[in-house]
1. To two decimal places, what compactness ratio does region 29-115 give when its Cα radius of gyration is scaled by 2.2 N^0.38 Å?
2. Suppose all protein chains stay in the model; what accessible area per residue would a 1.4 Å probe give for the chain, in Å²?
3. For C447, C59, give the ranking by accessible area with the largest first, probe 1.4 Å.
4. Under a plain spin-label model, where a point goes 7 Å from the Cα along Cα-to-Cβ, how far apart in nm are K97 and D132?
5. Could you go through region 154-166 in sequence order and give the Karplus-derived ³J(HN,Hα) for each residue, using 6.51 cos²θ - 1.76 cosθ + 1.60 with θ = phi - 60°, rounded to whole Hz, and x for Gly and Pro?
6. For the chain, just list the percent of Cα-Cα distances falling in each 10 Å bin from zero outward, please.
7. Whole-Hz Karplus ³J(HN,Hα) for region 497-506, in order, using 6.51 cos²θ - 1.76 cosθ + 1.60 and θ = phi - 60°, x for Gly and Pro?
8. Please give the solvent-accessible surface of S98 in Å², to the nearest 10, using a probe radius of 1.4 Å with every protein chain present.
Amino acid sequence: MFEMHLLWSLVVPITCLTVVCTGEKSVNFSDVDIPTEHMPFYFNNFPDLAEQCANDEDCPYRDIAKEKKCWGYEDICPKSKAYSIPVCSGDYKGWAKSSEEHVQRFNNQADFGYIKERNREMKIMCEPLFKDDSSLECADHLRFCRGRNIMFNFTDLIHRKEPIRYAMDVLKNGQVGGYCKLHKKRLQDQCDHLSALQSWGPELRNFVEMPHRPVENNECDVIIEKPTFILKIDATVNMYHHFCDFFNLYAALHLNGSHPEMFSRDVHILIWESYSYLSNFAPVMETFTKHPVWDLKTFRGETVCFRNVVFPLLPRMIFGLFYNTPVVHGCEKSGLFHAFSKHILHRMKIPQFKRRDDKIRITLLSRQTKYRRILNEDELVTRLEENSNYEVQRVYYSHQMPFSEQLELTHNSDVFIGMHGSGLTHLLFLPDWAAVFELYNCEDENCYMDLARLRGVKYLTWEDSEKVHQEDEGHHPQMGAHAKFTNYRFDVDEFEAIVKKATDHVQAHPAFKEFLSTSLKYGHPATHIEL
């Protein structure tokens with residue numbers, strides 16, 4: 001057996017299990033390990049813990065335990081108390097019937113309203129009669145599911161020779177199931193997004209009602225007691241795509257968040273492929289689990305029963321989060337994206353350094369790839385360095401540089417400049433006052449502009465096509481001429497003018513003014529500032 005001790009469930013019991021939700025449990029508040037500014041939102045969902053903290057002289061959050069704040073997906077969450085309110089200053093005509101609907105649409109598409117919508121969709125797929133029975137419940141299209149006492153039969157995998165990735169045939173009928181009343185038609189009706197990374201339909205369409213409780217009937221070679229998140233992940237080498245995985249996992253913590261240990265790292269993660277998990281971004285995975293990451297090889301040839309299992313939101317859902325988010329025109333600043341950024345920075349202990357002067361920190365992300373290189377990069381950097389109001393650094397984020405070091409450089413930048421490419425995903429971790437300058441979008445206009453809107457940082461890109469010069473027409477191996485497959489030279493004066501727009505934004509931002517004032521008042525210790 002892998003696990004021999006019981007952990008309180010992170011999965012919401014469906015029926016007859018209220019003791020898990022309402023029972024008294026001592027919590028070490030320091031172990032919650034979320035940003036201090038997030039604690040009032042956490043306490044709002046667990047009022048008994050808020051009371052416990054408020055009455056405990058040793059609780060580090062005693063002063064904020066009774067603050068009334070809410071994430072935005074709770075049944076009752078006044079706008080004045082919500083984590084944030086989207087900013088929708090653009091024209092809503094053609095997108096919504098009113099300005100209020102404009103804001104609500106953005107909230108439901110890309111903010112905590114998305115969590116609320118999925119919560120409303122949750123339906124029982126396999127119904128328990130007693131607390132020790134199995135259970136399964138899912139959101140529409142099986143975009144998110146959770147279950148208890150679920151059996152997976154991986155015995156066939158021992159005969160499978162080819163590597164498994166993005167496969168829809170890992171399980172056969174009857175190789176996943178539980179002891180509960182299966183609503184078969186309801187489950188099959190939700191298997192309408194059958195794609196490897198869009199839903200859990202390829203796996204859960206094989207769910208069956210078992211005649212016995214699998215654990216008690218000794219039908220499991222392995223019993224996993226700790227809560228387990230099963231992930232179907234995108235491309236681990238590409239920051240943009242892998243952070244779709246991380247972001248949706250963070251959103252799933254909120255969607256599954258009915259227990260005080262909702263943010264616990266004492267959980268397992270099983271990657272739904274046979275490749276060992278290797279990534280330059282692995283430190284981010286460690287913010288979600290303190291245990292080694294499993295893959296399908298871990299349990300090849302065995303029948304495994306999970307006491308608590310979560311099937312999180314997926315990276316390529318139709319109208320999903322991040323990759324396929326349909327961002328309504330004219331809106332920006334998702335609280336969910338902001339909270340994700342702060343959560344990761346906190347858990348990775350990325351510092352925000354105070355300043356000894358009021359210079360604008362400009363970071364230019366250099367590419368050392370075959371395509372999308374800046375041909376006159378030295379000239380552009382030299383021009384910026386001539387401005388005494390700027391502190392300029394040129395960086396190359398390679399696999400040889402630890403990701404924590406990359407984040408530290410990014411998080412201490414005021415203006416972040418780079419060509420179109422996955423490295424611009426770093427904009428998620430810029431300070432709130434920052435600006436990102438996508439030097440050239442290579443005819444992919446919405447990708448990083450939308451990501452910047454979601455994160456709530458200023459976005460700029462090249463506008464005058466006559467002042468940017470392609471090395472050639474571009475040479476995609478299959479598609480022919482393509483703007484992403486060539487290199488570029490930029491007009492220096494125009495470049496400097498756009499950077500000036502970015503720095504003007506930074507200097508005018510209230511958060512930057514406050515940060516600079518605090519830094520200059522108290523000196524330059526290398527301390528972490530919560531934004």
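1. Details: Rg = 16.3 Å, N = 87, 2.2 N^0.38 = 12.0 Å.
So the Cα radius of gyration is 1.36 times the expected 2.2 N^0.38 Å.
2. On the way: 23040 Å² over 531 residues.
Value returned for the chain: 43 Å² of accessible area per residue.
3. Working: C447 30, C59 10 Å².
If we order C447, C59 from most to least accessible, we get C447, C59.
4. Distance between label points: 5.3 nm.
5. Couplings: 9, 5, 5, 5, 5, 9, 8, 8, 6, x, 10, 7, 6 Hz.
6. Whole-percent P(r) values from 0 Å outward: 3, 17, 26, 25, 17, 8, 2, 0.
7. Values, residue by residue: 5, 5, 4, 4, 4, 5, 5, 4, 4, 4 Hz.
8. 40 Å²
The values are calculated or read from the model by the stated rules, or taken from the named source; none is laboratory data. Everything quoted here is computed from the prediction, not taken from an experiment. Every residue, glycine among them, receives a Cβ derived from its backbone with ideal geometry; neighbour counts consider all protein chains shown. The area values use the complete protein model at the heavy-atom level, side chains included, leaving out ligands, DNA and RNA. Shrake-Rupley method; radii C 1.70, N 1.55, O 1.52, S 1.80 Å.
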